[in-house]
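These notes concern the structure reproduced below.
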Amino acid sequence: MIYVGCDHGGYQLKLELIKYLDENGFEYNDMGCNGEPVDYPDIAEAVCRKVTENDTNKGILVCGTGIGISMAANKIKGIRAALCADWYSAKYTRLHNDANVICMGGRTTGAGSAVEMLDVFLHTDFEGGRHATRINKIKKLED
Ligand code: RB5
């Protein structure tokens, strides 16, 4: 399952990302907000708690810059949230970092670019191997 969330700064871009999910037959759960002012850590927590319930889950988080919501997301054990602003990063954060959440900035990233990033993020698998060793080291930092 894909869990989606935003604050007011990310709402318009979230609508574009949801349109992509709808058009491409992805199952998702939109956990808010609906444009009203909210605190991005609350949304990050709600989405990330769901993402960590299952290894195959993914999350999409959007705030104004993507920075605050990614900072909050990465405080949650089991979350590897990647703030992306380019296609290469969106691809390699799956291949090398096994990112389970992609974060974007609604006030910094255009819809076309955001949709391309989401597309490659959702269609790229973790490479494993030497990268798994490094992810295990990240996991140890959580303890
Ligand atoms: C909200 O105005 C804004 O601070 C938030 O969306 C985000 O950019 C924080 O990092």
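Before moving on, here are some points about what is shown:
- Condition met for residue 99 (more than 15 Å from the ligand (Cβ to nearest atom) and assigned to a helix (DSSP H, G or I)): no
- For segment 16-69, a residue qualifies if it is of a type in the set (D, E, K, R), within 14 Å of the chain's Cα centre (by Cα) and crowded, with 16+ Cβ neighbours inside 10 Å, and the qualifying residues are 30, 45, 50, 58.
- Within the option set 107, 134, being part of a helix (DSSP H, G or I), at negative phi and not small (Gly, Ala, Ser) holds for one residue only, 134.
- Search result, residues across segment 74-96 that are surrounded by 15 or more Cβ atoms within 10 Å (Cβ to Cβ) and within 16 Å of the ligand (Cβ to nearest atom): 74, 81, 82, 83, 84, 85
- Verdict on residue 38 being of a type outside the set (Ser, Thr, Tyr) and in contact with a strand residue (DSSP E or B) (Cβ under 6 Å, 6 or more places away or on another chain): no
- Consider segment 33-49 and keep the residues that are outside any helix (DSSP H, G or I) and acidic (Asp, Glu). The one that is nearest to residue 101 (Cα to Cα) is 39.
- Of the residues making up segment 17-32, just one is within 16 Å of the ligand (Cβ to nearest atom) and in a helix (DSSP H, G or I), namely 17.
The numbers here are math on the coordinates, done by the rules we state, and not lab data. Only a predicted model underlies this, so the values are computations on that prediction, with no experimental measurement involved. Every residue, glycine among them, receives a Cβ derived from its backbone with ideal geometry; neighbour counts consider all protein chains shown.
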